[in-house]
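Contents: one structure, followed by commentary.
The values are calculated or read from the model by the stated rules, or taken from the named source; none is laboratory data. Computed from a predicted model, the values in this text were never measured in an experiment. When we count neighbours, we look across all protein chains shown, and the Cβ atoms used for this are built from the backbone with ideal geometry, even at glycine.
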Ligand code: SAH
């Protein structure tokens, strides 16, 4: 059976032979065979050579998302079953993340060669994020496959904000299958208990990507005074408390997030954490003015820029945070700089730390350059998937 073809403009095929999965409209010469949005298409070069197989969407800036570079491989149920079961097997068998009450990312979109599909597992519930029309149209099939592979009690959809406009598909938060998650859904992470608000919490309810960074920071906190800025449900601060911190101050602007944090502290039996609501920029400035100091400062702000136009403003924000953090950091203190803005590279973050160190007239050592936990891998051919940076440094 011949399937519709998307023909590339001359000299535009190289990125796709390079296995990058996003074909933007500007690279396309013409479409043959009138595919409907969401249909399978073959991407071919100007000379008519097969490049890859993908899903079409004329309504998106990404006209084709590519899934297979093997000619003749159909993007059918068996294909998605295979991809998802291999993604799961990696988390279960290699990373050993699977346990009845574990939280981990089962599938990370392009990083698992399934552009547009994120699946997070929280114990018996799955949170699914769809960000492409092609996979949104296939959601029933995908849920069926996930039920086969993971036997969840419920599957909940948390569409990415803005996807309606970007992809031309209307999705809302909803239960896709099974029972709604309980209000007190909890997971165990490195021996600690975390509440997950799957239906209303940020992201899909919890920040799984910081799991290993939280553990790494916790190990440095024995006897220390720790400031956890942008704490959400308390992640870094809870690990600090377990690591033996003398005191922890956790800051966030969201009251529901702090409420989760307080409940997490109680569930784990930690009494050394203070949760404070407020804007981090203002609160850090106030703490510095008051002459407060800390031995460990964690900065884990949300994404500051979604496009290149907002990068200068974003960099200003990161710079301001680092300036304030260095003022608060006592001698030989540890700074934890997290940055989930994909458009800012590790080298940019390191350069920023260097510049702020110079301004503050302090020697700063980089102790570790970290990324997201390995259930959030980076596709070698789509390095946009490597969004999270976490630099541990020490200021003399
Ligand atoms: N460190 C957390 C994840 C942080 S996510 C963890 O390990 O789980 C970023 C957090 O920053 C969110 O909880 C959001 O509510 C908060 N936030 C965003 N802007 C803020 C601001 N200006 N001041 C304080 N908190 C802010």
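Flag set for residue 267, criterion: assigned by TED's automatic domain parsing to the domain that holds residue 217, away from the ligand (no atom under 13 Å from the Cβ) and touching a strand residue (DSSP E or B) at 6+ places or on another chain (Cβ under 6 Å). The sole residue among 213, 197 that is within 13 Å of the ligand (Cβ to nearest atom), modelled with pLDDT under 95 and in contact with a helix residue (DSSP H, G or I) (Cβ under 9 Å, 6 or more places away or on another chain) is 197. Determine if the stretch 338-348 includes at least one residue that is farther than 17 Å from residue 319 by Cα, part of a strand (DSSP E or B) and assigned by TED's automatic domain parsing to the domain that holds residue 306. Scanning the stretch 338-348, I find no residue that is farther than 17 Å from residue 319 by Cα, part of a strand (DSSP E or B) and assigned by TED's automatic domain parsing to the domain that holds residue 306, so the answer is no.
Results for (1) within 15 Å of the chain's Cα centre (by Cα); (2) surrounded by fewer than 24 Cβ atoms within 10 Å (Cβ to Cβ), shown as yes or no for each residue.
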position	(1), (2)
98	no, yes
119	yes, no
133	no, no
158	yes, yes
170	no, yes
174	no, yes
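Residue count for the stretch 219-231 satisfying the condition of being within 12 Å of the ligand (Cβ to nearest atom) and surrounded by fewer than 24 Cβ atoms within 10 Å (Cβ to Cβ): 1.
Looking across the stretch 367-391, the residues that are buried (at least 18 other Cβ atoms within 10 Å of the Cβ) and part of a strand (DSSP E or B) come down to 370, 379, 382, 389, 390, 391. Considered as a group, the residues in the stretch 304-322 that are in a helix (DSSP H, G or I) and in contact with a helix residue (DSSP H, G or I) (Cβ under 9 Å, 6 or more places away or on another chain) include one that is farthest from residue 281 (Cα to Cα), and that residue is 315.
When residue 58 is tested against the conditions (1) part of a loop (DSSP other than H, G, I, E, B); (2) farther than 24 Å from residue 131 by Cβ, the lone failure is (2).
Just to verify a result, which residue in the stretch 235-262, among those that are within 13 Å of the ligand (Cβ to nearest atom) and without any contact (Cβ under 8 Å) to a residue 24 or more places away in the chain, is surrounded by the fewest Cβ atoms within 10 Å (Cβ to Cβ)? Result: 255. One residue alone among 272, 283 is at pLDDT below 95, in contact with a strand residue (DSSP E or B) (Cβ under 7 Å, 6 or more places away or on another chain) and more than 13 Å from residue 329 (Cα to Cα), and that residue is 272. Cβ separations smaller than 6 Å between residues 6+ apart or across chains give the following pairs from the stretch 222-234 residues that are over 20 Å from residue 259 (Cβ atoms) to residues that are in a loop (DSSP other than H, G, I, E, B): 222/243; 222/244; 223/246; 224/245; 225/246; 226/245.
Here's the yes/no breakdown for (1) within 12 Å of the ligand (Cβ to nearest atom); (2) outside any strand (DSSP E or B):
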site: 296; (1), (2): no, no
site: 302; (1), (2): yes, yes
site: 325; (1), (2): no, yes
site: 330; (1), (2): no, no
